[in-house]
Amino acid sequence: MMSKLAVTAILLAATTAANAAPAPLPSSGMLIVLPATGTVRQANDQASITMTAEETNKDKALAQSRVNQKMKQGLALLKQADPQASFKTESYSTYPVYPEQTTPASTQSRVPSGWRVTQSLRVTTTNLAGLPKTVAAGQGLLGLSNLYFSLSPATAQKLDDERIAATYANLNQRVRAVAAAMGRDPADAVVEVMDFEGSGNYTDRAAPPAPPAPMMRASSLSAASAVEEPSFEPGETTLNMRAVGKVRFK
């Protein structure tokens, strides 16, 4: 009877020892490398639109004059609708238009059948509430060829500060988790290096390429008709940051 009890006690002791958590490995002076991420979101507060005037005519001077007048009047309408917006001429081009060839190409130089003149204007504004009204005012004479939303410079800077703080907070959270797994006090961890260089977020977001401006028929500039206001959804911008921290435990 005693031998059975002794055997049982030995087996229980062995089972308890096998199930016991292993002793933590020595970690004094250990250097660990941890990745960290930070994500911030912000509603877009700036819009950039491209308004285009385009004319095609056999008379190059007439086509240019119509575009010049149309852009001049369209710019006045845009400034009246949004005085605080910034305006920048993006392009001005004049190029020949050739008739379609129904016979094999000849060795003689082709003669243009007309001229196409195009001028584009970039309008940048933070007045998103009045953007539909501004666009509709411009569309009375001009065509809307491009529109995209983004963050204003001041908001982008604020968001970048928040992104750095979020990334560093994530590193601290991960250090605490590692310390708990090692059975160490998080206060014993010292951040030696914080590397933001590998984040891949240092290049500015490129504006989407502008689609080709729609063709517009030559018309009387004084007969511009009213355009119904469009609807827009500015959306939001999400910025991510990645960093690598080197942390040493005392």
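Here, each number is a calculation from the coordinates, and none is a lab measurement. Values in this document were obtained by computation on a predicted structure and should not be read as measured data. Cβ: placed from backbone, ideal geometry, glycine included. Neighbour counts: every protein chain shown.
Ordering of 87-96, 241-250 by packing is 241-250, 87-96, highest average first (other Cβ atoms within 10 Å, averaged per residue). Annotation for Glu229 and Ser91: the two label points, set 7 Å from Cα along the Cα-Cβ direction, are 3.1 nm apart. Scalar couplings 3J(HN,Hα) for the range 109-126, obtained by applying the Karplus form with A = 6.51, B = -1.76, C = 1.60 to θ = phi - 60°, are 5, 6, 10, x, 8, x, 9, 10, 10, 9, 10, 10, 10, 9, 10, 10, 8, 9 Hz; x denotes Gly and Pro. Close amide-amide hydrogen proximity is noted between Phe232 and no other residue 5 or more places distant or on a separate chain, at a cut-off under 5 Å (H modeled in the peptide plane; Pro and chain starts excluded).
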